[in-house]
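A.B. asks: Please find one structure pasted underneath; my questions will follow.
The values are calculated or read from the model by the stated rules, or taken from the named source; none is laboratory data. Not measured: the values here are computed from a predicted model. All Cβ positions, glycine included, derive from the backbone under ideal geometry; neighbour counts span all protein chains shown.
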Amino acid sequence: MAGKDIIMLRQEELRRLHIIRKVSEGILKQKDAAEILLISDRQLRRVIKRVREEGDRGIAHRSRGKASNRRLLEKTRDKVIRLYRQRYKGFGPTLFCEKLLEIDGIKISEETLRKWLIESGDWKKVRRGRIHRKWRERKECLGEIIQMDGSRHD
């Protein structure tokens with residue numbers, strides 16, 4: 001992990017910081033900088049104020065590194081994986097999702113289940129190969145094709 005003196009920034013945030021420094025030094029006008037960053041003048045002033053107060057660290061989003069408020073509990077995850085191993089072994093994530101809702105009353109998205117099962121080692125990603133189409137048998141001579149007529153007259 002990064003130490004206290006090291007700041008982890010994305011490329012876009014570095015670009016933003018560079019432009020804000022130019023505004024602070026008086027090289028660039030706030031209105032021009034706001035147009036470059038595609039934000040309003042007012043938003044730019046808020047960002048500049050935050051960078052002055054917090055330093056370069058102020059440019060990074062404050063929710064970085066924090067867990068989502070919408071995440072599911074670890075207890076729920078363990079219960080679902082235990083249910084899969086006991087009752088639903090061999091089910092795919094889609095069918096497992098349907099049965100969890102139908103029988104156990106647990107509503108979790110199919111993709112979340114797939115991710116959990118892959119992480120726990122109970123499910124593996126399988127790519128199925130395409131079935132090659134069947135070719136008709138080649139004729140012995142070039143241009144030799146049997147032509148059939150379904151009419152009843154000569």
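A.B. asks: Of the residues LEU28, LEU44, LEU38, only one is modelled with pLDDT of 90 or more and touching a Lys or Arg at 6+ places or on another chain (Cβ under 6 Å); which?
C.D. replies: Testing whether each residue is modelled with pLDDT of 90 or more and touching a Lys or Arg at 6+ places or on another chain (Cβ under 6 Å) leaves just LEU28.
A.B. asks: Confirm whether ILE39 is part of a loop (DSSP other than H, G, I, E, B), more than 24 Å from the chain's Cα centre (by Cα) and over 30 Å from GLU111 (Cα atoms).
C.D. replies: yes
A.B. asks: Could you say which residue among VAL51, VAL23 is under 31 Å from the mean Cα position of the chain (by Cα), at pLDDT 90 or above, at negative phi and of a type in the set (A, V, I, L, M, F, W, C)?
C.D. replies: Going through VAL51, VAL23 in turn, the sole match is VAL51.
A.B. asks: So, one more: From the list ARG152, ARG71, ARG127, ARG82, which one is among the charged types (D, E, K, R) and under 30 Å from MET8 (Cβ atoms)?
C.D. replies: Of ARG152, ARG71, ARG127, ARG82, the one residue that is among the charged types (D, E, K, R) and under 30 Å from MET8 (Cβ atoms) is ARG71.
A.B. asks: Now, a different point. Residues of segment 61-117 being at positive phi and modelled with pLDDT under 85, which ones?
C.D. replies: Selection gives GLY65 alone.
A.B. asks: While we're looking at this one, here's another question. Please identify the pairs in which a residue from segment 122-135 that is of a type outside the set (Gly, Ala, Ser) has its Cβ atom under 8 Å from the Cβ atom of a residue that is not in a loop (DSSP other than H, G, I, E, B), counting only partners at least 6 apart or on another chain.
C.D. replies: Between residues of segment 122-135 that are of a type outside the set (Gly, Ala, Ser) and residues that are not in a loop (DSSP other than H, G, I, E, B), the close pairs are ASP122/ILE81; ASP122/TYR84; ASP122/ARG85; TRP123/PRO93; TRP123/ARG114; TRP123/LEU117; LYS124/ILE118; LYS125/ILE118.
A.B. asks: Further question on the same structure: Taking segment 66-78 as the region of interest, how many residues are charged (D, E, K, R) and in contact with a helix residue (DSSP H, G or I) (Cβ under 9 Å, 6 or more places away or on another chain)?
C.D. replies: 1
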